[in-house]
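This report concerns only the one structure given below.
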Amino acid sequence: MKAFIIDIRICNGCYNCQVACKDEHVGNDWSPIAKPQPDTGQFWMRVEDIVRGQVPKVKVAYMHYMCQHCAEAPCEKACMSKAIYHRPDGAVIIDPTKCTGQKLCIDACPYDVIYYNTDMQIAQKCTWCAHLLDKGWKEPRCVDSCPTGALKFGYEEQFKDLIAQAEILNPEAKTSPRVY
């Protein structure tokens with residue numbers, strides 16, 4: 001299985017990952033992986049500033065929020081149309097041709113990273129750029145655009161030392177995420 005590693009210690013907050021995701025998905029139909037992402041309102045890779053301290057001693061960290069591609073994905077269990085599935089590489093995909101827009105997956109996601117496209121009446125989220133991986137790319141666009149190497153993507157075995165030191169978001173959700 002593949003894994004996604006985010007090292008917030010070396011992220012400099014350039015937002016290249018967020019912009020690259022928008023560039024890849026806005027206006028582009030990658031069916032059956034994903035329909036076009038709307039220009040506004042959705043960030044399949046969302047970066048938020050976490051500010052600590054006061055001037056003159058301020059520290060900023062950049063948290064990244066995206067689909068966690070959970071092994072025990074609550075969104076998949078909640079989807080009545082069976083539009084959500086796991087790929088062999090571990091990616092969790094919402095098939096836009098099967099999605100009926102019931103929004104149950106959105107409510108089930110403990111990470112708040114599934115969006116509703118009101119124009120198309122479907123749920124949407126990060127796909128790990130599966131359409132590119134299928135064409136031979138080694139990593140999603142967000143990872144490819146990261147200038148500091150803060151984002152890494154590959155096989156879990158390749159990153160086992162990093163994973164052993166990493167944390168996951170919302171461990172109490174018990175979803176077995178593949179983003180560390």
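Kindly check whether there is at least one residue in the range 11-22 that is in a loop (DSSP other than H, G, I, E, B) and open to solvent by less than 50 Å² (accessible area, probe 1.4 Å).
Within the range 11-22 (the criterion being in a loop (DSSP other than H, G, I, E, B) and open to solvent by less than 50 Å² (accessible area, probe 1.4 Å)), the answer is yes, since at least one residue qualifies.
Report, by residue number, each residue of the range 153-167 that is within 17 Å of Tyr65 (Cβ to Cβ) and assigned to a strand (DSSP E or B). If you could, list the steps in order and put the result at the bottom.
If we filter the range 153-167 for residues that are within 17 Å of Tyr65 (Cβ to Cβ), which is where we start, we get 153, 166-167.
Passing the criteria: only Phe153.
With the requirement that a residue be surrounded by 12 or more Cβ atoms within 10 Å (Cβ to Cβ) and farther than 21 Å from Asp112 by Cα, what does the range 32-52 give you?
Pro32
Is it true that some residue in the range 111-120 is more than 16 Å from the chain's Cα centre (by Cα), modelled with pLDDT of 95 or more and outside any loop (DSSP other than H, G, I, E, B)?
Yes, the conditions are met somewhere in the range 111-120.
May I ask you to list the residues in the range 10-23 that are more than 17 Å from His69 (Cβ to Cβ) and touching a residue at least 60 places away in the same chain (Cβ under 8 Å)?
Correct list: Ile10, Cys11, Asn12, Cys14, Asn16, Gln18, Val19, Ala20, Asp23.
Any chance you could count how many residues in the range 103-130 are buried (at least 20 other Cβ atoms within 10 Å of the Cβ) and of a type outside the set (Phe, Trp, Tyr)?
Here the count works out to 12.
Tell me, yes or no, whether the range 84-102 has at least one residue that is among the charged types (D, E, K, R), crowded, with 16+ Cβ neighbours inside 10 Å, over 13 Å from the mean Cα position of the chain (by Cα) and in a helix (DSSP H, G or I).
No, there is no match, as no residue in the range 84-102 is among the charged types (D, E, K, R), crowded, with 16+ Cβ neighbours inside 10 Å, over 13 Å from the mean Cα position of the chain (by Cα) and in a helix (DSSP H, G or I).
Any idea how many residues of the range 53-83 are surrounded by fewer than 17 Cβ atoms within 10 Å (Cβ to Cβ), in contact with a helix residue (DSSP H, G or I) (Cβ under 8 Å, 6 or more places away or on another chain) and of a type outside the set (A, V, I, L, M)?
Selection size over the range 53-83: 1.
The values are calculated or read from the model by the stated rules, or taken from the named source; none is laboratory data. A quick note: this is a predicted structure, and the numbers were derived from the prediction, not measured. For neighbour counting, all protein chains shown are included, and Cβ atoms are generated from backbone atoms with ideal geometry for every residue, glycine included. Please note that ligands, DNA and RNA were not included when accessible areas were found on the heavy atoms of the full protein model with its side chains. Shrake-Rupley method; radii C 1.70, N 1.55, O 1.52, S 1.80 Å.
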